[in-house]
């Protein structure tokens, strides 16, 4: 299916908003185009609308050209813009694994798009045939989160490539937790699959959740359409500056990521010693999905003792489960201490 058949007709015919900063790069001698306040400096100028320096630095690290990168206000904008570009309200649908990250469904509802859930197997593995069977001629997107949230497991690139080959619409692979996984990114397959979009974020391994910066990698044609649809200055100057600081510190980010992977194993080992813990699911992320004896009661006990985890017991296939982020050593120790108190109370 060609891109012209996947993109909403009104988006294809859109005459985008443009500004002089889209047409000029570098340092001008006089900025007189945007009606800014020239008398008070530092934050008086609009930010780079295409975030070229951030993309250049990030692209060098990930091995991706600037033309294949879109920066959004967190992954949420990257999710929402996919609906706005590809899905006609009240007509089209998307397919997603279940359970998975909840914002795919929320954004579908906001954009009046039918959201079709396809259950994972009991061990949280993919059911590729069922995913594809759920699609019809109006299915525009398949959402795959890997490593998946809240289950924590990652899918192989062979499985993801099979979906890309067999599905004629847009396959979006959300790799928010990819830096904690040995499975590897799908970025290297962008040339092979022109309808593939890979999402990542600065919120997890990059320790920059506060700056709200998400990334979509895709074909230059898709990125060009995204740039036409996005708001002109969606990524503010403060966010761009902080992203560059993070990119100055890549070696430390990589070291901390390795430390968190080690801490994940230590936390799992400690949890396994507790009588209230029934199962710890394998994780390729920076969190653990843990089945406990009474999720609601334990969640309330932890909350009342100042330990905040995520109660996932009402989520499909996650009965009596808590999702627990790998914290720092003191946080992990406090969690184990309070769970031990719960057992003896």
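Here are the numbers:
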| quantity | calculated |
| --- | --- |
| Part-to-part distance (alpha-carbon centres) for segment 99-123 and segment 174-192, which is given in Å | 21 |
| Spin-label model distance (nm) - residue 231 vs residue 2, 7 Å beyond Cα toward Cβ | 3.4 |
| Residue order, fewest to most beta carbons within 10 Å, for 95, 307 | 307, 95 |
| Cα-based Rg of the chain normalised by 2.2 N^0.38 Å, two decimals | 1.07 |
| Three semi-axes of the equivalent ellipsoid, segment 24-141, Cα gyration tensor, whole Å, largest first | 40, 18, 13 |
| Rounded tilt (10° steps) of 250-271 against the dominant C-alpha axis of the chain | 20 |
| Interatomic Cα distance distribution for segment 282-334, bins of 5 angstrom, percent | 4, 21, 27, 28, 15, 4, 0 |
| Over segment 209-345, relative contact order from alpha-carbon pairs under 8 Å, at least 6 apart, % | 18 |
| Sequence of 31, 206 once ranked by neighbouring C-beta atoms within 10 Å, starting from the fewest | 31, 206 |
| Dimensionless Rg over Rh [segment 251-344; C-alpha; Kirkwood] | 0.97 |
| Residue order, fewest to most surrounding Cβ atoms within 10 angstrom, among 331, 42 | 42, 331 |
| The chain: angle of helix 220-229 to the longest principal axis, Cα-based, in degrees nearest 10 | 80 |
| Estimated distance in nm for a label pair at residue 44 and residue 330, the labels positioned 7 Å out from Cα along Cα-to-Cβ | 4.3 |
| Cα-based helix-to-principal-axis angle, 74-86 vs the chain, degrees rounded to 10 | 60 |
| MRE, 222 nm, helices only [DSSP H, n ≥ 4, -39500 (n - 2.57), over the chain, to nearest 500] | -11000 deg cm²/dmol |
| Highest to lowest packing among 220-226, 77-83, 14-20, scored as the average C-beta count within 10 Å | 77-83, 220-226, 14-20 |
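All of the numbers you see were taken from the coordinates with simple rules; none came from a lab. All values derive from a computational prediction rather than experimental measurement. All Cβ positions, even for glycine, are placed from backbone atoms using ideal geometry, and neighbour counts span all protein chains on display.
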